[in-house]
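Any read-out appearing in this document is the output of simple, stated calculations on the displayed coordinates, not a laboratory observation. Note that this is a predicted model, so its numbers are computed, not measured. Note that each Cβ is placed from the backbone with ideal geometry, even for glycine, and that neighbours are counted across all protein chains shown.
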Amino acid sequence: MSVVYIRFAAHRLEARHRSPQFRVIAPGEKTLPPIAAAAACASSGTLPGAWGFIATPVCFSAGMSTVTMPGDGLVELRPEEAAALASDFNRTFVDAGMRLSVGRSAILVCVFDRVLQVTTHDPEAVAGHDVFAFQPAGTDAPRLRRLMSEIEMWLFDHAVNRARTADGRRSVTGLWLWGGGSTGRTMPLVQGWTAGSDPFFSAFGQATRFPREAGPGVVVCIDQPGSDTWPEVEQQWLTPALAALQSGLIKRLDLSAAERRFSIGKRAALRFWRRARPWWESFDMKGSEMHDIQ
């Protein structure tokens, strides 16, 4: 029997969260493949180049002496917007030894012709903070920092941003480069299914519904519990996951948001779901209370 892991509450996964969840669908893998390499493989199987980064669209907030990435500063692009940015980027930065590619779920991947010696930070860890302490570091960091500054200038008054502003949506003021790794790496085989828009897990499949045969799976939802879109998330993923748990198709259902997680077995399923208050409010409980449900 298998485990299904569902993460929600408008939080993307940081690398330290992805590793244990990756073992749900790849139990024999001890290390997490580079996130950008996985996204690059998902876009076209192989990409010409040596090194890739996820290029996450962000909206910075500039102060008198600081630049902050707000808590909601990670921007979702429509597929046509991602395609337009990639096409224009490749025209603007032609012969610069890099190119922008669009992967699944409108994820952007910046691929370089050579390996870069640089460390970066997951934008989820940066959100809500001054970006200065999270700048790239290492031998090739100056090149990456310079590129990110050039991208900000390129995006200023970009046609995609003019259209977004006209629609009342936030502009994309930068691309945050992170998750670097070799694009030539072969991705491991997985023994389960994945769903959602996470740049790493979407590389291993894009289920649009809970599979009838169940099996191990990882779902990353960006929807906020209790929001207008939440009933659809419950119907699409949570309700069938609970049914699979009760029928014995899976042995455990893990739910998490931010730093909190519940592990629910068959016996505790109904007790957890049928609370007097909405079940997701249980994530406000202290750790000692959470263990009672695991």
Post the alpha-carbon centroid distance, the stretch 55-121 to the stretch 211-230, in whole angstrom. 26 Å
Below 8 Å between Cα atoms, with a sequence gap of 6+, how large is the relative contact order for the stretch 123-279 in percent? 11 percent
Compute the relative contact order of the stretch 35-182 as a whole-number percentage, counting only Cα pairs closer than 8 Å that sit 6 or more residues apart in sequence. 35 percent
Where does each of K266, K30 land when they are ranked from fewest to most other beta-carbon atoms within 10 angstrom? K30, K266
Please identify every one of the trypsin sites (Lys or Arg not before Pro) in the stretch 53-141 that sits in a loop by DSSP and has no more than 16 other beta carbons within 10 Å of its own beta carbon. R114
Between the modelled labels at F156 and N90 (7 Å from Cα along Cα→Cβ) the distance in nm is 2.7 nm
Order of E234, E81 - criterion: other Cβ atoms within 10 Å of each residue's Cβ, fewest first: E234, E81
